[in-house]
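What follows is a set of notes on a single structure, which appears directly below.
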Amino acid sequence: MNILMVGDVVLSIDCMRELFSCDIASCKGICCVKGDAGAPITPEEAEAIENIVMKIWDYLSPEAQDKILEQGVSYVDEEGDLVTSIVNGEDCVFTCYDEHGTCQCAIQKAKLRNEIDVDKPISCSLYPIREKKFSGGLTGLNYHKWDICESARYLGAKLEIPVYKFLREPLMARFGKEWYEELCEMGKTLKKEGII
């Protein structure tokens, strides 16, 4: 059994089986920097961010500011997906850095400081789970294994935290508490049966 179904969401068993816990002290938030495209974003998220971008403007690098003025907060990538704009072919325009050189999200930083009421894109909160829309109203969730997250896999194994439990809050925010509780019940059954 490699595919599971909870409500109208299809997910790979790796979302239940793999162990993961972000280790920001080790990785320095590199997932916001590395990659060949920006973070997947919905049209609604893009519009919401456009409406608050001037409130986070001072957190952004001059290069990011120039990119937003030139292209906006998002663009359609080579695969036809709407994604956040990027600088120098990799950095998300919303990256900013703390005094230790750790990458942060300007949107999240402003939200935590109660300066805005907009969240960072849900795709960022859900990582390392990637979401995909299918015909017929189905949503697919898949665990994305990236070499830059090796420290997160190590910490997740040390703490014995599966991906779906690490992502409790964003999964509930995206699919609801009832859905998440059903997912956890499935996790208990799979563990009892020795599948995970």
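Where a number appears in this text, it was derived from the coordinates with a stated rule and is not lab data. Remember, it's a predicted structure, so these values are computed and weren't measured experimentally. All Cβ positions, glycine included, derive from the backbone under ideal geometry; neighbour counts span all protein chains shown.
Spatial offset of the range 1-63 relative to the range 141-182 amounts to 12 Å, using the alpha carbon center of each. Listed by Cβ neighbour count within 10 Å, with the fewest neighbours leading, Ser61, Ser123 appear as Ser61, Ser123. Using a cutoff of 8 angstrom between alpha carbon atoms and counting only pairs six or more residues apart, the relative contact order for the range 1-124 works out to 29 percent. Among Thr189, Thr139, Thr95, the order by Cβ neighbours within 10 angstrom, fewest to most, reads Thr189, Thr139, Thr95.
Using DSSP, restrict attention to beta bridges with both residues in the range 91-171 and report what percent are antiparallel, rounded to the nearest 5.
Expressed as a percentage, antiparallel bridges in the range 91-171 total about 100.
Applying 0.36 nm per residue to the separation of Lys188 and Leu138 and subtracting their alpha-carbon distance, the gain on full extension is 15.6 nm. Think of it as helices only: each DSSP H run of n ≥ 4 in the chain is worth -39500 (n - 2.57), and spread over all residues that comes to -10500 deg cm²/dmol at 222 nm.
Net length available on complete extension from Glu178 to Glu78 is 32.4 nm, with 0.36 nm assigned per residue and the Cα-Cα distance removed.
Which of Lys132/Lys158; Lys120/Lys165; Lys28/Lys192; Lys34/Lys177 have a Cα-Cα distance over 27 Å? Result: Lys132/Lys158; Lys28/Lys192; Lys34/Lys177 exceed 27 Å.
Could you tell me whether the range 28-127 comes out rounded, prolate or oblate from its Cα gyration tensor? Rule is a ≥ b ≥ c as square roots of the eigenvalues, rounded for a/c under 1.5, then prolate if a/b exceeds b/c, otherwise oblate. Note, shape of the range 28-127 comes out rounded. Label positions at Arg113 and Ser26, each projected 7 Å from the Cα along the C-beta direction, are separated by 3.0 nm. Once you divide the Cα radius of gyration of the chain by 2.2 N^0.38 Å, the number left is 1.07. Gain on full extension, evaluated as 0.36 nm per residue between Lys158 and Glu63 minus their Cα-Cα distance, stands at 30.3 nm. For Val6, Val163, the sequence from fewest to most other C-beta atoms within 10 Å is Val6, Val163.
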